[in-house]
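Reading through the structure tokens given below for one structure.
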Amino acid sequence: MAISLTQQEKQILRSISIPPRPEALVEFSEETKSAEPNISKITQILQSDIAISAAILQVVNSAAFRRSKEIESLEQAIMILGLKRLIPLVKAVAVKATVDTPAALDNFWSEQSDIAQLCSTLCQSLNKPALANHAYMLGLFHTVGIPLLCVHFEDYKEVLEVAKSDGWTKATEFEFNKYNTSHATIGALLAQQWKLPKPMINVIYYQHDANGIYRSGELEGIALELLSILKLARHGNFIFKNTASIEQDPEWHAISDEVLDFINLSEDELDELYSSLESA
């Protein structure tokens, strides 16, 4: 799938600064693609970027990874996780370390980290452990277009206010009508520029335009699985926080039947799943 851009979006993109991949991530990617990756060199590369290395340790010691003993060094993290699991994790935390967050979004990364951890935990609960790391990356990355647009548009706080009062489904419509683009498009472009997996790029792009997506053929199977995990995590986070001014979750209401059919869960089973996660 190629990301479709309007003329207005192309014009906006000329003036929006989409951050390049940090040098440490570029070097890390090159070394992991070699025939025999050098673990010592990989460790040195990651240690060269303090923000990325600190974020990796924070993540691997979080509840999403559920380690009985705290991991104290990058060497331990690499040996325990292995390169296959480490690669998406490094890309995910690099986003958090690289993208500027304005004052209006002071709790933004905390919120996305909660969603990312819930994505990973849901994969384990739904017997999809192979998806856990990519789901974590998606949970952390999927709204990265929000801070980019917030920096670019001085009045973007109006979008945030709509999101707070009416949810992101309404806020995304308001966002597009106001700016002729959306954080989903900007986020997908950044994901594409950072060479994230194609299924993840597609999920970011379609995240708020998902009605009928399960029958349209637009997304392949793994993308639909990731989309389902993301929607479950966003809804679970909505329930657990229970601080929104809106009584229901319109984003979930619009797609819940399709998600539950796809993952073969009833509403009662979903309630039990959320209850078990909340009490864990």
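Tell me which of these F176 doesn't satisfy, since it passes every other one: (1) hydrophobic (A, V, I, L, M, F, W, C); (2) within 18 Å of the chain's Cα centre (by Cα); (3) farther than 18 Å from F141 by Cβ.
The number of the failed condition is (2).
What's the total number of residues in the range 15-36 that are open to solvent by less than 30 Å² (accessible area, probe 1.4 Å), modelled with pLDDT of 85 or more and not hydrophobic (A, V, I, L, M, F, W, C)?
3
Step by step: first the residues of the range 235-259, then only those that are open to solvent by 80 Å² or more (accessible area, probe 1.4 Å) and at pLDDT 85 or above, then the one that is nearest to Q207 (Cα to Cα). Which residue is that?
Looking at the filtered set, the residue picked out is H253.
Residues of the range 1-47 being of a type in the set (D, E, K, R), without any contact (Cβ under 8 Å) to a residue 40 or more places away in the chain and over 19 Å from L89 (Cα atoms), which ones?
Within the range 1-47, K10, R14, E36 meet the criteria.
For the range 166-180, which positions are over 27 Å from D261 (Cβ atoms) and either buried (at least 24 other Cβ atoms within 10 Å of the Cβ) or basic (K, R) (or both)?
E175, K178 - these are the residues of the range 166-180 that are over 27 Å from D261 (Cβ atoms) and either buried (at least 24 other Cβ atoms within 10 Å of the Cβ) or basic (K, R) (or both).
So which residues in the range 123-138 are open to solvent by 40 Å² or more (accessible area, probe 1.4 Å) and in a helix (DSSP H, G or I), if there are any at all?
Step one: list which residues in the range 123-138 are open to solvent by 40 Å² or more (accessible area, probe 1.4 Å), which gives 124-125, 127-130, 134.
Once the filter is applied, which keeps residues that are open to solvent by 40 Å² or more (accessible area, probe 1.4 Å) and in a helix (DSSP H, G or I), the range 123-138 yields Q124, S125, P129, A130, H134.
So which residues in the range 90-111 are touching a residue at least 24 places away in the same chain (Cβ under 8 Å) and either crowded, with 22+ Cβ neighbours inside 10 Å or of a type in the set (D, E, K, R) (or both), if there are any at all?
Correct list: V90, K91, A92, V93, A94, V95, K96, D100, E111.
Do you know which residues across the range 29-56 are closer than 28 Å to Q117 by Cβ and of a type in the set (A, V, I, L, M, F, W, C)?
Scanning the range 29-56 gives I39, I42, I45, L46, I50, A51, I52, A54, A55, I56.
Return yes or no: is S165 assigned to a helix (DSSP H, G or I), at pLDDT below 95 and under 21 Å from E278 (Cα atoms)?
So S165 does not fit the description; no.
Suppose we keep only residues that are in contact (Cβ under 8 Å) with a residue 24 or more places away in the chain and surrounded by 16 or more Cβ atoms within 10 Å (Cβ to Cβ) within the range 48-61. Which one would you say is nearest to T98 (Cα to Cα)?
I52
Scan the helices (runs of 4 or more DSSP H) fully inside the range 203-280 and keep the ones with 3 or more residues being closer than 22 Å to S182 by Cα.
On the way: elements: 213-216, 221-241, 250-263, 267-279.
Fully inside the range 203-280 and qualifying: 213-216, 221-241, 250-263.
If F262 meets every condition in (1) at pLDDT 85 or above; (2) out of contact with any Leu (no Cβ under 8 Å at 6 or more places or on another chain); (3) open to solvent by 60 Å² or more (accessible area, probe 1.4 Å) apart from one, which number is that one?
That leaves (2) as the condition not met.
Please go through the range 197-228 and give me each residue that is open to solvent by less than 10 Å² (accessible area, probe 1.4 Å) and touching a residue at least 60 places away in the same chain (Cβ under 8 Å), ordered by number.
Answer for the range 197-228, where residues must be open to solvent by less than 10 Å² (accessible area, probe 1.4 Å) and touching a residue at least 60 places away in the same chain (Cβ under 8 Å): M200, V203, I204, Q207, L226.
Take the range 37-47 and flag every residue that is within 17 Å of G82 (Cβ to Cβ), open to solvent by 10 Å² or more (accessible area, probe 1.4 Å) and of a type in the set (S, T, N, Q).
Within the range 37-47, N38, S40 qualify.
The values are calculated or read from the model by the stated rules, or taken from the named source; none is laboratory data. What you see is a predicted model; the values in this text were computed from it and never measured. Don't worry about glycine lacking a Cβ; one is built from the backbone with ideal geometry, like all the others, and counts go over all protein chains shown. In case anyone asks, the SASA skips ligands and DNA or RNA and just uses the protein heavy atoms, side chains included. Shrake-Rupley method; radii C 1.70, N 1.55, O 1.52, S 1.80 Å.
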